[in-house]
Amino acid sequence: MAQHTTGMPQDRSATTAASRAAAPEKGATTTAPSDAGYLDVRGLKVHFPTDDGVVKAVDGVSFRIDRGQTIGIVGESGSGKSVTSQAILGLHRRTRAQTSGQIWLDGEDLMTVSDERMRELRGNKMAMIFQDPLSAMHPYYTVGAQIIEGIRVHHPDQSKAQAKTRAIELLGLVGIPSPARRVDQYPHEFSGGMRQRAMIAMALSNDPSLLIADEPTTALDVTVQAQILDLMRKLQAEFGSAIIMITHDLGVVAEMADEILVMYGGKAVEHGPVEEVFYRPQHPYGWGLLTSMPRLDRARTERLNPVPGNPPSLINIPPGCAFHPRCAYQGEAPPQACSTIVPDLIECGPDHLVRCHIPTARRAEIFESDIKPRL
Ligand SMILES: Nc1ncnc2c1ncn2[C@@H]1O[C@H](COP(=O)(O)OP(=O)(O)O)[C@@H](O)[C@H]1O
Ligand code: SF4
Ligand SMILES: [Mg+2]
């Protein structure tokens, strides 16, 4: 049966010089810089060669996360969020994907560790919660058997009985009623919310220090979603995990994350603490996201459609600022800049980075006069 647990770190945009550093030679392990976070990603690129051209799914993303912290990675479908997390887990190894940049976890160089070591890390330090628990669970094995297998792969010294006791404990911990009975049931006997909890139990079976949750609550109704988020917060407090929360739902990140990374077309367009990015966004794309956010008094929409137009093709990324075909604020930037020059990610507030040609002072003015009143 597949090993489901994979863990994940979090992010803080490490900055330019480091993010542009060349990828290490294959097999040449690098030493983590002294300022590296628990998880530290610098200048990550993941490109997929296809018959139609190269898909630049992730194109120079940097962030760091420490234990006990949560980073939210936000963006429309196809912006490179999942591919980023898969790269951390080493899931593009042995595929045609071209991956470069640097990833350190607890000082260990994930770009160069052996496949065997990567598998160990996926069981012991990193775990992943997917959007769709059914895709991560085997239909022919009981939920308990799958958790027990996960435990025993990484703790071969544990007896089956010991692992089963731990599995029951974990199911109880994630709020599954009658765990001693439920442990022997099959995934289809669980409701959607219960399956999601069971997958979290599976992901936690080895006390991961890095948990990557990829749209963990998208398929759930609002009440169950709130319970799952609450559970993740409690577990984080207990295990001190670093969490990467991938979502298109800004409400979820505002509630869960310490820091937000907004992705557009494979790049970070805005990055910083929640107080900055959520409450004082400075990128026109972030303005669209926030002003279209469902309010408590309105129904939550299934999919985010923040600004008119479609996400860019990652094979033919628009020149200049990838967002320019959809941006209503190009007139505020120097003439022609938006359609010809890729903006750098620059600091625009405390630890707050933004990728936009509008001068910082003018952007802040637009936010105060046009955007803030609409929030
Ligand atoms: N194995 C692959 N081969 C080619 N393209 C891929 C592959 N995996 C993902 N992509 C493309 O990479 C882009 C980013 O995907 P993804 O990270 O899954 O987006 P999301 O932000 O919705 O999670 C998408 O355009 C997707 O089609
Ligand atoms: S650089 Fe230009 S197109 Fe891109 S977000 Fe800023 S104003 Fe809009
Ligand atoms: Mg995804």
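May I ask you to list the residues in region 111-131 that are of a type outside the set (S, T, N, Q) and either assigned to a helix (DSSP H, G or I) or in contact with a Lys or Arg (Cβ under 9 Å, 6 or more places away or on another chain) (or both)?
Step one: of region 111-131, the residues of a type outside the set (S, T, N, Q) are 111, 113, 115-123, 125-130.
Passing the criteria: Met111, Asp115, Glu116, Arg117, Met118, Arg119, Glu120, Leu121, Arg122, Gly123, Met128.
Could you check, for region 86-106, whether at least one of its residues is at positive phi and without any contact (Cβ under 8 Å) to a residue 24 or more places away in the chain?
Filtering region 86-106 for residues at positive phi gives 90, 94, 101, 106.
Those left that are additionally without any contact (Cβ under 8 Å) to a residue 24 or more places away in the chain: 94.
Looking through region 86-106, at least one residue is at positive phi and without any contact (Cβ under 8 Å) to a residue 24 or more places away in the chain.
Mind checking which residues of region 196-210 are of a type outside the set (A, V, I, L, M) and either at pLDDT 90 or above or outside any helix (DSSP H, G or I) (or both)?
Listed by number, the residues that qualify are Ser205, Asn206, Asp207, Pro208, Ser209.
For residues that are part of a loop (DSSP other than H, G, I, E, B) and more than 10 Å from ligand 1 (Cβ to nearest atom), tally how many sit in region 42-92.
So in region 42-92, the residues part of a loop (DSSP other than H, G, I, E, B) come out as 51-52, 66-69, 75-80, 89-92.
Subset that is more than 10 Å from ligand 1 (Cβ to nearest atom): 51, 66-69, 89-90.
Going through region 42-92 one residue at a time, the tally reaches 7.
Based on this model, can you work out whether His154 counts as in contact (Cβ under 8 Å) with a residue 24 or more places away in the chain, closer than 27 Å to Gly68 by Cβ and over 24 Å from the mean Cα position of the chain (by Cα)? It would help to see each step written out before you state the result.
Details: in contact (Cβ under 8 Å) with a residue 24 or more places away in the chain: yes; closer than 27 Å to Gly68 by Cβ: yes; over 24 Å from the mean Cα position of the chain (by Cα): yes.
Answer is yes for this residue.
What tally of residues in region 69-113 results from selecting those that are surrounded by fewer than 22 Cβ atoms within 10 Å (Cβ to Cβ), closer than 22 Å to His248 by Cα and away from ligand 3 (no atom under 16 Å from the Cβ)?
0
Quick check: anything in region 266-274 within 16 Å of ligand 1 (Cβ to nearest atom), of a type in the set (A, V, I, L, M, F, W, C), closer than 22 Å to Leu210 by Cα and modelled with pLDDT of 95 or more? Lay out the reasoning, then the answer.
Going through region 266-274, the residues within 16 Å of ligand 1 (Cβ to nearest atom) turn out to be 266-271.
Those left that are additionally of a type in the set (A, V, I, L, M, F, W, C): 268-269.
Going one step further and asking which of them are closer than 22 Å to Leu210 by Cα, we end up with 268.
Filter again for modelled with pLDDT of 95 or more, leaving 268.
Yes: one or more hits.
Can you confirm whether Arg94 is within 30 Å of Val153 (Cβ to Cβ) and modelled with pLDDT under 95? Give the derivation first.
Working: within 30 Å of Val153 (Cβ to Cβ): yes; modelled with pLDDT under 95: yes.
The answer is yes for Arg94.
Considering only residues of region 132-151 that are part of a helix (DSSP H, G or I) and more than 25 Å from the chain's Cα centre (by Cα), which is modelled with the lowest pLDDT?
Step one: of region 132-151, the residues part of a helix (DSSP H, G or I) are 133-136, 143-151.
Subsequent filtering for residues that are more than 25 Å from the chain's Cα centre (by Cα) retains 143-145, 148-149.
Values: Val143: 95, Gly144: 95, Ala145: 95, Ile148: 93, Glu149: 89.
This residue is Glu149.
Of all residues in region 328-354, which are buried (at least 23 other Cβ atoms within 10 Å of the Cβ) and closer than 25 Å to Tyr279 by Cβ? Even if it seems obvious, please write down each step before you answer.
As a first pass, look at region 328-354 and keep what is buried (at least 23 other Cβ atoms within 10 Å of the Cβ): 333, 338, 353-354.
Within region 328-354, Ala333, Leu353, Val354 meet the criteria.
The values are calculated or read from the model by the stated rules, or taken from the named source; none is laboratory data. Values in this document were obtained by computation on a predicted structure and should not be read as measured data. All Cβ positions, glycine included, derive from the backbone under ideal geometry; neighbour counts span all protein chains shown.
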